[in-house]
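Notes follow once the structure below has been shown.
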Amino acid sequence: MDIWDPPHYVAARVQRAIAEDERTNELGIRVDIRGDHLFLQGQVCEEDQRERVAQVAAEAAPGMVVHNEVICVAVGEPGEQEVL
Amino acid sequence: MTIRIAAVGDIHLSEHARGTYRAHLDGIDERADVLLVAGDLTRHGTVEEGQVVVDEFRDLGIPVVFVLGNHDYHSDAEQEIAAMLRTAGMYALDDSAEVLLDGRLGVAGGKGFGGGFAGKCASEFGEPETKAFVRHTREIADRWRIALKGLDTDHRIVLSHYSPVKETLAGEPPEIYPFLGSYLLAEAADAAGADLIVHGHAHAGTEKGVTPGGIRVRNVALPVLGRAYAIYCLGGEEL
Ligand SMILES: [Fe+2]
Ligand SMILES: [Fe+2]
(Lines give C-alpha, C1' and ligand atoms only; values in the text may rest on other atoms or scores of the structure.)
(Ligands and ions follow the chains in the order given, each with its own letter.)
Protein backbone atom coordinates (compact mmCIF):
# COMPACT_ATOMS: atom_id res chain seq x y z
CA MET A 1 0.00 0.00 0.00
CA ASP A 2 1.24 3.48 -0.88
CA ILE A 3 1.31 5.99 1.91
CA TRP A 4 1.23 9.63 0.84
CA ASP A 5 4.11 11.50 2.39
CA PRO A 6 3.22 15.19 2.87
CA PRO A 7 5.93 17.37 1.20
CA HIS A 8 6.49 19.18 4.49
CA TYR A 9 7.79 15.99 6.12
CA VAL A 10 9.81 14.97 3.09
CA ALA A 11 11.60 18.34 3.16
CA ALA A 12 12.28 17.99 6.89
CA ARG A 13 13.58 14.46 6.41
CA VAL A 14 15.93 15.52 3.61
CA GLN A 15 17.24 18.49 5.59
CA ARG A 16 17.91 16.24 8.56
CA ALA A 17 19.65 13.65 6.41
CA ILE A 18 21.96 16.33 5.01
CA ALA A 19 22.80 17.50 8.55
CA GLU A 20 23.23 14.05 10.10
CA ASP A 21 24.72 11.94 7.29
CA GLU A 22 28.44 11.48 7.88
CA ARG A 23 29.13 12.18 4.21
CA THR A 24 27.77 15.70 4.49
CA ASN A 25 27.11 17.01 8.06
CA GLU A 26 26.00 20.22 6.39
CA LEU A 27 23.67 22.29 8.58
CA GLY A 28 22.41 25.31 6.69
CA ILE A 29 20.82 23.74 3.60
CA ARG A 30 17.30 24.84 2.70
CA VAL A 31 15.02 22.24 1.13
CA ASP A 32 11.89 23.18 -0.82
CA ILE A 33 9.50 20.77 -2.48
CA ARG A 34 7.15 21.61 -5.36
CA GLY A 35 5.30 18.56 -6.67
CA ASP A 36 7.95 15.96 -7.37
CA HIS A 37 10.72 18.54 -7.68
CA LEU A 38 13.12 19.04 -4.80
CA PHE A 39 15.17 22.28 -4.60
CA LEU A 40 18.34 22.61 -2.54
CA GLN A 41 19.70 26.05 -1.58
CA GLY A 42 22.56 27.24 0.58
CA GLN A 43 26.32 27.53 0.68
CA VAL A 44 29.08 24.98 1.14
CA CYS A 45 32.86 25.34 1.32
CA GLU A 46 33.98 22.67 -1.16
CA GLU A 47 32.84 21.83 -4.68
CA ASP A 48 32.53 18.08 -4.00
CA GLN A 49 30.48 18.83 -0.86
CA ARG A 50 27.89 20.32 -3.24
CA GLU A 51 27.64 16.99 -5.00
CA ARG A 52 27.54 14.98 -1.77
CA VAL A 53 24.65 17.15 -0.52
CA ALA A 54 22.67 16.36 -3.68
CA GLN A 55 23.50 12.67 -3.39
CA VAL A 56 22.29 12.43 0.22
CA ALA A 57 19.14 14.39 -0.70
CA ALA A 58 18.38 12.06 -3.61
CA GLU A 59 18.72 9.00 -1.37
CA ALA A 60 16.48 10.51 1.32
CA ALA A 61 13.73 11.36 -1.20
CA PRO A 62 13.69 8.59 -3.80
CA GLY A 63 11.74 9.40 -6.94
CA MET A 64 12.11 13.16 -6.65
CA VAL A 65 13.89 15.32 -9.21
CA VAL A 66 16.70 17.07 -7.33
CA HIS A 67 17.64 20.61 -8.38
CA ASN A 68 20.97 21.46 -6.81
CA GLU A 69 21.07 25.25 -6.38
CA VAL A 70 23.65 25.07 -3.59
CA ILE A 71 26.63 27.30 -4.26
CA CYS A 72 30.23 26.81 -3.30
CA VAL A 73 31.71 29.77 -1.39
CA ALA A 74 34.67 31.29 -3.15
CA VAL A 75 37.42 32.31 -0.74
CA GLY A 76 38.48 35.76 -1.93
CA GLU A 77 41.60 37.75 -1.18
CA PRO A 78 41.65 39.33 2.30
CA GLY A 79 40.08 42.74 1.72
CA GLU A 80 40.14 46.19 3.30
CA GLN A 81 41.05 46.69 6.90
CA GLU A 82 38.39 48.03 9.23
CA VAL A 83 39.62 50.49 11.87
CA LEU A 84 37.62 50.10 15.08
CA MET B 1 49.86 51.53 18.88
CA THR B 2 47.67 49.79 16.36
CA ILE B 3 47.06 46.07 16.56
CA ARG B 4 45.89 44.36 13.35
CA ILE B 5 43.60 41.42 14.04
CA ALA B 6 42.98 38.90 11.27
CA ALA B 7 39.91 36.74 11.87
CA VAL B 8 37.97 33.96 10.18
CA GLY B 9 35.70 31.10 11.28
CA ASP B 10 33.87 28.07 9.90
CA ILE B 11 36.62 26.92 7.61
CA HIS B 12 35.26 23.35 7.97
CA LEU B 13 38.37 21.59 6.70
CA SER B 14 37.79 17.95 5.79
CA GLU B 15 40.50 15.53 4.75
CA HIS B 16 39.78 16.55 1.13
CA ALA B 17 41.12 20.02 2.02
CA ARG B 18 44.57 18.78 2.96
CA GLY B 19 47.22 20.98 1.38
CA THR B 20 44.68 23.35 -0.20
CA TYR B 21 43.95 25.93 2.50
CA ARG B 22 47.43 27.19 3.26
CA ALA B 23 47.58 29.32 0.09
CA HIS B 24 44.80 31.55 1.45
CA LEU B 25 47.04 32.44 4.40
CA ASP B 26 50.17 33.33 2.43
CA GLY B 27 51.56 36.70 3.51
CA ILE B 28 49.28 37.02 6.52
CA ASP B 29 52.24 37.87 8.75
CA GLU B 30 52.66 41.08 6.74
CA ARG B 31 49.02 42.05 6.95
CA ALA B 32 48.21 41.20 10.58
CA ASP B 33 49.73 40.84 14.05
CA VAL B 34 47.53 37.95 15.18
CA LEU B 35 45.04 35.50 13.63
CA LEU B 36 41.85 34.50 15.44
CA VAL B 37 39.92 31.43 14.25
CA ALA B 38 36.34 31.29 15.47
CA GLY B 39 35.57 27.55 15.52
CA ASP B 40 34.15 24.91 13.17
CA LEU B 41 37.67 24.18 12.11
CA THR B 42 36.66 20.73 10.87
CA ARG B 43 33.66 19.08 9.27
CA HIS B 44 33.25 16.00 11.49
CA GLY B 45 35.58 16.77 14.39
CA THR B 46 37.88 13.81 13.81
CA VAL B 47 41.53 13.67 14.83
CA GLU B 48 42.48 13.27 11.15
CA GLU B 49 40.69 16.50 10.26
CA GLY B 50 42.29 18.17 13.29
CA GLN B 51 45.66 17.22 11.84
CA VAL B 52 44.72 18.93 8.56
CA VAL B 53 43.95 22.12 10.53
CA VAL B 54 47.28 21.90 12.38
CA ASP B 55 49.21 21.44 9.14
CA GLU B 56 47.44 24.24 7.27
CA PHE B 57 47.79 26.83 10.11
CA ARG B 58 51.14 26.07 11.78
CA ASP B 59 54.21 28.34 11.54
CA LEU B 60 52.42 31.35 10.04
CA GLY B 61 54.82 33.74 11.77
CA ILE B 62 52.12 35.36 13.94
CA PRO B 63 50.24 34.01 16.98
CA VAL B 64 47.19 31.95 15.98
CA VAL B 65 44.34 31.61 18.49
CA PHE B 66 41.54 29.06 17.99
CA VAL B 67 38.30 28.20 19.66
CA LEU B 68 36.44 25.04 18.67
CA GLY B 69 32.92 24.91 17.22
CA ASN B 70 30.05 22.43 17.37
CA HIS B 71 31.42 20.48 14.37
CA ASP B 72 34.72 20.02 16.21
CA TYR B 73 32.82 18.28 19.03
CA HIS B 74 30.99 15.81 16.78
CA SER B 75 33.46 12.89 17.16
CA ASP B 76 34.21 13.41 20.88
CA ALA B 77 37.80 14.30 20.00
CA GLU B 78 37.64 17.99 20.94
CA GLN B 79 40.22 17.73 23.75
CA GLU B 80 42.62 15.90 21.49
CA ILE B 81 42.21 18.43 18.66
CA ALA B 82 42.84 21.31 21.10
CA ALA B 83 45.94 19.53 22.42
CA MET B 84 47.25 19.02 18.87
CA LEU B 85 46.88 22.74 18.12
CA ARG B 86 48.75 23.63 21.31
CA THR B 87 51.52 21.13 20.63
CA ALA B 88 52.04 22.81 17.26
CA GLY B 89 52.68 26.13 19.02
CA MET B 90 49.21 27.65 18.59
CA TYR B 91 46.59 28.63 21.16
CA ALA B 92 43.24 26.90 21.78
CA LEU B 93 40.93 28.70 24.21
CA ASP B 94 38.61 26.61 26.37
CA ASP B 95 36.78 29.23 28.44
CA SER B 96 40.22 30.61 29.18
CA ALA B 97 42.40 33.56 28.19
CA GLU B 98 45.79 34.17 26.64
CA VAL B 99 48.05 37.23 26.76
CA LEU B 100 49.74 38.00 23.43
CA LEU B 101 52.02 40.59 21.82
CA ASP B 102 53.95 41.42 25.01
CA GLY B 103 50.84 42.23 27.02
CA ARG B 104 49.24 44.49 24.42
CA LEU B 105 46.45 42.06 23.60
CA GLY B 106 44.39 39.62 25.66
CA VAL B 107 42.01 37.13 24.07
CA ALA B 108 39.41 35.30 26.15
CA GLY B 109 36.67 32.89 25.13
CA GLY B 110 35.73 29.44 23.95
CA LYS B 111 33.04 27.65 22.02
CA GLY B 112 30.08 29.43 23.67
CA PHE B 113 26.60 27.95 23.23
CA GLY B 114 22.97 28.75 22.43
CA GLY B 115 19.81 29.61 24.31
CA GLY B 116 18.54 32.67 22.50
CA PHE B 117 18.32 36.36 23.06
CA ALA B 118 16.80 38.52 25.78
CA GLY B 119 13.02 38.23 25.85
CA LYS B 120 13.01 35.24 23.47
CA CYS B 121 15.19 32.71 25.19
CA ALA B 122 15.11 29.47 27.12
CA SER B 123 15.43 29.50 30.90
CA GLU B 124 16.65 27.04 33.52
CA PHE B 125 13.21 25.65 34.26
CA GLY B 126 11.33 22.39 33.79
CA GLU B 127 12.82 19.21 32.42
CA PRO B 128 16.42 18.33 33.24
CA GLU B 129 17.29 18.44 29.51
CA THR B 130 16.11 22.04 29.25
CA LYS B 131 17.89 23.05 32.42
CA ALA B 132 21.13 21.39 31.31
CA PHE B 133 21.01 23.21 27.95
CA VAL B 134 20.63 26.64 29.53
CA ARG B 135 22.99 25.90 32.41
CA HIS B 136 25.76 24.99 29.94
CA THR B 137 25.60 28.50 28.45
CA ARG B 138 25.35 30.21 31.85
CA GLU B 139 28.40 28.38 33.17
CA ILE B 140 30.38 29.27 30.05
CA ALA B 141 29.42 32.94 30.43
CA ASP B 142 30.51 32.86 34.09
CA ARG B 143 33.91 31.47 33.12
CA TRP B 144 34.32 34.13 30.41
CA ARG B 145 33.68 36.87 32.95
CA ILE B 146 36.46 35.51 35.15
CA ALA B 147 38.83 35.01 32.21
CA LEU B 148 38.23 38.57 30.94
CA LYS B 149 38.62 40.17 34.36
CA GLY B 150 41.98 38.44 34.73
CA LEU B 151 43.34 40.16 31.60
CA ASP B 152 45.41 43.24 32.34
CA THR B 153 46.25 44.08 28.71
CA ASP B 154 45.92 47.22 26.56
CA HIS B 155 43.15 45.60 24.52
CA ARG B 156 40.79 42.70 25.17
CA ILE B 157 38.98 40.56 22.62
CA VAL B 158 36.40 37.83 23.14
CA LEU B 159 36.68 34.92 20.68
CA SER B 160 33.61 32.66 20.43
CA HIS B 161 31.97 30.24 18.05
CA TYR B 162 28.36 31.02 18.96
CA SER B 163 26.99 34.54 18.63
CA PRO B 164 26.49 36.93 21.56
CA VAL B 165 23.95 39.12 19.70
CA LYS B 166 21.20 38.65 17.15
CA GLU B 167 22.22 41.47 14.77
CA THR B 168 24.97 39.32 13.28
CA LEU B 169 22.46 36.51 12.68
CA ALA B 170 20.39 38.60 10.23
CA GLY B 171 19.88 36.36 7.19
CA GLU B 172 19.37 33.20 9.27
CA PRO B 173 15.80 31.95 9.92
CA PRO B 174 14.67 33.57 13.21
CA GLU B 175 13.29 30.19 14.34
CA ILE B 176 16.82 28.85 14.82
CA TYR B 177 18.30 31.86 16.65
CA PRO B 178 18.27 29.98 20.00
CA PHE B 179 20.66 27.44 18.44
CA LEU B 180 22.96 30.12 17.10
CA GLY B 181 23.84 32.02 20.24
CA SER B 182 22.94 33.51 23.57
CA TYR B 183 22.70 36.99 25.07
CA LEU B 184 24.43 35.59 28.19
CA LEU B 185 27.71 35.69 26.22
CA ALA B 186 27.25 39.41 25.45
CA GLU B 187 26.22 40.12 29.02
CA ALA B 188 29.48 38.59 30.32
CA ALA B 189 31.56 40.67 27.90
CA ASP B 190 29.64 43.85 28.70
CA ALA B 191 30.10 43.27 32.44
CA ALA B 192 33.84 42.60 32.23
CA GLY B 193 34.67 44.94 29.33
CA ALA B 194 36.16 44.18 25.91
CA ASP B 195 37.07 46.02 22.70
CA LEU B 196 35.69 43.48 20.25
CA ILE B 197 33.83 40.16 20.10
CA VAL B 198 34.56 37.84 17.18
CA HIS B 199 32.35 34.83 16.41
CA GLY B 200 31.28 32.44 13.66
CA HIS B 201 28.66 29.65 13.39
CA ALA B 202 25.97 31.68 11.58
CA HIS B 203 26.96 30.99 7.96
CA ALA B 204 24.03 32.96 6.54
CA GLY B 205 24.35 35.82 9.00
CA THR B 206 25.79 39.33 8.76
CA GLU B 207 29.28 40.60 9.57
CA LYS B 208 28.59 43.55 11.85
CA GLY B 209 26.73 44.04 15.12
CA VAL B 210 27.09 45.57 18.56
CA THR B 211 26.27 44.43 22.11
CA PRO B 212 23.78 46.31 24.31
CA GLY B 213 26.84 47.68 26.17
CA GLY B 214 28.43 48.98 22.95
CA ILE B 215 31.07 46.35 22.21
CA ARG B 216 31.55 45.78 18.48
CA VAL B 217 30.66 42.26 17.31
CA ARG B 218 31.95 40.70 14.08
CA ASN B 219 30.65 37.47 12.54
CA VAL B 220 33.65 36.14 10.63
CA ALA B 221 32.13 32.87 9.35
CA LEU B 222 33.86 32.23 6.01
CA PRO B 223 30.61 32.24 3.98
CA VAL B 224 29.70 35.62 5.54
CA LEU B 225 33.08 37.19 4.78
CA GLY B 226 33.53 35.63 1.32
CA ARG B 227 37.24 36.33 1.77
CA ALA B 228 40.09 34.47 3.43
CA TYR B 229 39.92 36.59 6.59
CA ALA B 230 38.85 40.00 7.81
CA ILE B 231 41.30 42.48 9.34
CA TYR B 232 40.26 44.72 12.23
CA CYS B 233 42.55 47.43 13.58
CA LEU B 234 42.42 48.30 17.27
CA GLY B 235 44.09 51.29 18.89
CA GLY B 236 43.97 54.03 16.31
CA GLU B 237 44.52 54.72 12.65
CA GLU B 238 46.34 52.22 10.49
CA LEU B 239 49.76 53.68 9.59
FE1 LIG C 1 30.04 26.29 10.80
FE1 LIG D 1 28.92 25.95 14.02
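Can you confirm whether the stretch A:43-50 contains a residue that is of a type in the set (Asp, Glu), buried (at least 20 other Cβ atoms within 10 Å of the Cβ), at the interface with chain B (Cβ under 10 Å from one of its Cβ atoms) and in contact with a strand residue (DSSP E or B) (Cβ under 8 Å, 6 or more places away or on another chain)? The answer is no, given that none of the residues of the stretch A:43-50 is of a type in the set (Asp, Glu), buried (at least 20 other Cβ atoms within 10 Å of the Cβ), at the interface with chain B (Cβ under 10 Å from one of its Cβ atoms) and in contact with a strand residue (DSSP E or B) (Cβ under 8 Å, 6 or more places away or on another chain). Taking the condition surrounded by 15 or more Cβ atoms within 10 Å (Cβ to Cβ), closer than 15 Å to B:Thr42 by Cβ, away from ligand 2 (no atom under 15 Å from the Cβ) and of a type outside the set (Ser, Thr, Tyr), does B:Phe57 pass? So B:Phe57 fits the description; yes.
Being at pLDDT 95 or above and within 16 Å of ligand 2 (Cβ to nearest atom) is the filter; apply it to the stretch B:22-43 and report the residue that is nearest to A:Leu84 (Cα to Cα). Filtering first and then ranking leaves B:Leu36.
Return the residue satisfying two criteria in turn: it lies in the stretch B:9-21 and is more than 9 Å from chain A (Cβ to nearest Cβ) and surrounded by 14 or more Cβ atoms within 10 Å (Cβ to Cβ), and of such residues it is nearest to ligand 2 (Cβ to nearest atom). Here the answer is B:Gly9. Residue pairs whose Cβ atoms lie under 9 Å apart, sitting 6 or more positions apart in sequence or on different chains, and linking a residue in the stretch B:53-78 that is assigned to a helix (DSSP H, G or I) to a partner that is among the acidic types (Asp, Glu) and away from ligand 1 (no atom under 14 Å from the Cβ), are B:Asp72/B:Glu78; B:Glu78/B:Asp94.
Do you know which residues across the stretch B:79-99 are surrounded by fewer than 20 Cβ atoms within 10 Å (Cβ to Cβ) and outside any helix (DSSP H, G or I)?
Keep residues of the stretch B:79-99 that are surrounded by fewer than 20 Cβ atoms within 10 Å (Cβ to Cβ), which gives B:79-80, B:83-84, B:86-89, B:94-96, B:98-99.
B:Ala88, B:Gly89, B:Asp94, B:Asp95, B:Ser96, B:Glu98, B:Val99, listed by residue number.
Can you tell me which residues in the stretch B:3-15 are away from ligand 1 (no atom under 11 Å from the Cβ), farther than 10 Å from B:Glu49 by Cβ and not β-branched (Val, Ile, Thr)? Passing the criteria: B:Arg4, B:Ala6, B:Ala7. Residues in the stretch B:188-209 that are in contact with a Pro (Cβ under 8 Å, 6 or more places away or on another chain) and either free of Cβ contacts under 8 Å to residues at least 40 places away in the same chain or not aliphatic (A, V, I, L, M) (or both): B:Asp190, B:His199, B:His203, B:Ala204. Return yes or no: is B:Val134 of a type outside the set (Phe, Trp, Tyr) and under 19 Å from B:Ala7 (Cα atoms)? Here the answer is no, as B:Val134 does not meet what is asked.
From A:Glu26, A:Glu22, grab the single residue that is within 16 Å of ligand 2 (Cβ to nearest atom), at negative phi and at the interface with another protein chain (Cβ under 10 Å from one of its Cβ atoms).
Details: A:Glu22 fails: within 16 Å of ligand 2 (Cβ to nearest atom).
The conditions single out A:Glu26.
Of everything in the stretch A:52-74 that is under 19 Å from A:Leu27 (Cβ atoms) and part of a loop (DSSP other than H, G, I, E, B), the residue that is farthest from the other protein chains (Cβ to nearest Cβ) is A:Ala61. Checking the stretch B:32-46 against the condition returns a match, with at least one residue being charged (D, E, K, R), surrounded by fewer than 22 Cβ atoms within 10 Å (Cβ to Cβ), in contact (Cβ under 8 Å) with a residue 60 or more places away in the chain and more than 16 Å from ligand 1 (Cβ to nearest atom). Taking the conditions (1) of a type outside the set (Val, Ile, Thr); (2) within 24 Å of B:Glu172 (Cα to Cα); (3) in a loop (DSSP other than H, G, I, E, B); (4) touching a residue at least 24 places away in the same chain (Cβ under 8 Å) in turn, A:Gln49 satisfies each one other than (3).
Quick one: which helices (runs of 4 or more DSSP H) lie wholly within the stretch B:120-239 and hold at least 3 residues that are more than 12 Å from chain A (Cβ to nearest Cβ) and more than 24 Å from B:Glu98 (Cα to Cα)? Please lay out each step first, then the result.
Working: elements: B:128-149, B:183-192, B:222-225.
Result: B:128-149.
Checked against (1) touching a residue at least 24 places away in the same chain (Cβ under 8 Å); (2) more than 14 Å from chain A (Cβ to nearest Cβ); (3) outside any strand (DSSP E or B), B:Val107 passes all but a single condition, namely (3).
If I filter the stretch A:1-11 for residues that are hydroxyl-bearing (Ser, Thr, Tyr) and assigned to a helix (DSSP H, G or I), do I get at least one hit? Break it down stepwise before answering.
Here is the first cut: in the stretch A:1-11, the ones hydroxyl-bearing (Ser, Thr, Tyr) are A:9.
So of that shortlist, the ones also assigned to a helix (DSSP H, G or I) come out as A:9.
Within the stretch A:1-11, one or more residues are hydroxyl-bearing (Ser, Thr, Tyr) and assigned to a helix (DSSP H, G or I).
The values are calculated or read from the model by the stated rules, or taken from the named source; none is laboratory data. It should be emphasised that the depicted structure is a prediction, and the values quoted were computed from it without experimental measurement. No Cβ is skipped: glycine too gets one built from the backbone with ideal geometry, and neighbour counts run over all protein chains shown.
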